[in-house]
Amino acid sequence: MSQGFAHSKDALRELAQTVLDHAAAKGATACEVDVSEGFGQSVSVRRQEVETIEYNRDKGLGVTIYIGQRRGHASSSDFSPAAVRASVDAALSIARFTAEDDCAGLPDARLLAKKGMDLDLYHPWDIPVEAAIDIARHCEQAAFDVSPMVKNSEGASVSAQTAHFVSANSLGFMGGFATSRHYVSCSVIAGEGEDMQRDDWYATRRNANDFPDAARIGDYAARRALSRLGARKLKTRKCPVVFEAPLAVGLIGSFVHAVSGGALYRKTSFLLDSLGQQIFPDFVQISERPHVRGGFASSPFDDDGVATHDREVVENGVLKAYFLSTYSARKLGMQTTGNAGGSHNLLVQPGRHDLNGLLRKMGTGLLVTELMGQGVNYVTGDYSRGAAGYWVEKGEIAYPVEEITIAGNLREMLRGIVAIANDTEVRGSKQVGSILIDRMTIAGN
């Protein structure tokens, strides 16, 4: 891998200050700037042969200028003094010709983060490309070793990525930090003739030392593919549905979208004016924890520079807080919640069951392990997705199913949550175990 960043943190800070100074000199009443750099390496193998070796290195500068309540934005990947000045000038020009927006502007200075904090987000993985290839081969071979019915592979990949950034504005805020995120993945195909199935698995970590043995990832991907052989269709019916943990994250993501500022002020949410209302059953607790050490969405401040804080989003099923940026909060006549750029480590309190326990609690119904399509209407809450998974009888998986559609309404689905398992798979900003919903429509034969 390349030997680190081309620009030091101090260099990024100097660049950000140069932007602020030039904007002020040119007549901007306010300015905010983001400067970032990232680099990494990815390799993939297929059937033990190297398919790709990729190196990436990129950088970017984004500047937002305010002239009163007129806003202009410009960006560049060129850090030369002339390009930086040109970006500021372009943003100024745009601002001069933009209509006034009474909600535009920087955050209240009192809300800005005053100090940084070490959240243990940076663990560069300086792995030689040959070693990365060996890990990918080890991962894929473990999948083939599970069974001769694992006939083919879509590849195993190893990726190491690092980045750092500085954000600043003309109110005196300047902050930034370095991050790392690494991946190991495997996707294989099992079966023969017309009965062929694929499945995959992956792990992602801040620190490569925290990865499981790559063989475990390949082994599990193979077992998932094998377990889907002999898949059947279902007759149309209504029944309970379990969303496997990686898919349950999407349900929580739909909830977050519906109670986020942009959807609320545009009135494109099925959860308008829902603050203080019962959205989930009373056992559901959802917390936001921005300062978790090593968390995938940890940060001392949001994209506006506003300080982040621990908070309870849902208590006993009742919605206690929205997700608002400075702009969307002003549109709604509220105060920012420090969520410009999204949620920060949203933790859904797990129940006492593992996945098998959740299936036993369901008894008979559908376990969904794959979703297809984007059939979610956030205005009405209507939900319809192509799906595959397993039919469950008496709490045990009976057989795999495919080519079905699951449908419902998100408001009813959230209220219809029966239980949440403790099988959380930490991969991003939202953490939740598998979710059991009391009733959905299954469209099949």
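The values are calculated or read from the model by the stated rules, or taken from the named source; none is laboratory data. Owing to the predicted nature of the structure, the values given are computational and were not obtained by experimental measurement. Cβ sites come from the backbone with ideal geometry, for glycine too, and all protein chains shown count toward neighbours. Please note that ligands, DNA and RNA were not included when accessible areas were found on the heavy atoms of the full protein model with its side chains. Shrake-Rupley method; radii C 1.70, N 1.55, O 1.52, S 1.80 Å.
Here are the numbers:
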read-out: Whichever residue in segment 25-35 is more than 22 Å from Phe165 (Cβ to Cβ) and touching a residue at least 60 places away in the same chain (Cβ under 8 Å) and, among such residues, is surrounded by the fewest Cβ atoms within 10 Å (Cβ to Cβ); value: Gly27
read-out: Count - residues of segment 74-106 that are in a loop (DSSP other than H, G, I, E, B), out of contact with any Leu (no Cβ under 9 Å at 6 or more places or on another chain) and not small (Gly, Ala, Ser); value: 6
read-out: Residue under evaluation Gly253, criteria (1) open to solvent by 40 Å² or more (accessible area, probe 1.4 Å); (2) not in a loop (DSSP other than H, G, I, E, B), criterion not met; value: (1)
read-out: Any chance Phe280 is in contact with a helix residue (DSSP H, G or I) (Cβ under 8 Å, 6 or more places away or on another chain), open to solvent by less than 10 Å² (accessible area, probe 1.4 Å), part of a helix (DSSP H, G or I) and in contact (Cβ under 8 Å) with a residue 60 or more places away in the chain; value: no
read-out: Residues (in a helix (DSSP H, G or I), open to solvent by 20 Å² or more (accessible area, probe 1.4 Å) and not polar (S, T, N, Q)) located in segment 216-233; value: Arg216, Asp219, Tyr220, Arg223, Arg224, Leu226
read-out: Subset of segment 398-439 [among the aliphatic types (A, V, I, L, M), in contact with a Leu (Cβ under 8 Å, 6 or more places away or on another chain) and in a strand (DSSP E or B)]; value: Val401, Ile404, Ile406, Ile417, Val418, Ala419, Ile420, Ile435, Leu436
read-out: Condition check for Ala258: buried (at least 21 other Cβ atoms within 10 Å of the Cβ) and either acidic (Asp, Glu) or in contact (Cβ under 8 Å) with a residue 60 or more places away in the chain (or both); value: yes
read-out: Some residue of segment 24-45 being in contact with a helix residue (DSSP H, G or I) (Cβ under 6 Å, 6 or more places away or on another chain), over 30 Å from Phe97 (Cβ atoms) and of a type in the set (A, V, I, L, M); value: yes
read-out: Those residues of segment 350-381 which are hydroxyl-bearing (Ser, Thr, Tyr), under 23 Å from the mean Cα position of the chain (by Cα) and more than 21 Å from Gly433 (Cα to Cα), in sequence order; value: Tyr378
read-out: Residue count, segment 295-321 (criterion: part of a loop (DSSP other than H, G, I, E, B) and buried (at least 16 other Cβ atoms within 10 Å of the Cβ)); value: 13
read-out: Where His353 falls short, out of the listed (1) in contact with a helix residue (DSSP H, G or I) (Cβ under 8 Å, 6 or more places away or on another chain); (2) of a type outside the set (A, V, I, L, M); (3) open to solvent by less than 10 Å² (accessible area, probe 1.4 Å); value: (3)
read-out: Residue, surrounded by the most Cβ atoms within 10 Å (Cβ to Cβ), within segment 123-154, restricted to residues that are in contact (Cβ under 8 Å) with a residue 60 or more places away in the chain and in a loop (DSSP other than H, G, I, E, B); value: Trp125
read-out: Test: residue in segment 184-199 that is within 15 Å of Ile217 (Cα to Cα) and among the basic types (Lys, Arg); value: yes
read-out: Considering residues of segment 385-418 that are of a type in the set (Gly, Ala, Ser) and open to solvent by 10 Å² or more (accessible area, probe 1.4 Å) only, the residue nearest to Phe255 (Cα to Cα); value: Gly408
read-out: Residues within segment 261-298 that are within 25 Å of Phe177 (Cβ to Cβ), of a type outside the set (D, E, K, R) and in contact with a Gly (Cβ under 8 Å, 6 or more places away or on another chain), tallied; value: 3
read-out: Members of segment 153-203 that are touching a Gly at 6+ places or on another chain (Cβ under 8 Å), under 25 Å from Ala131 (Cα atoms) and among the β-branched types (Val, Ile, Thr); value: Thr162, Val188
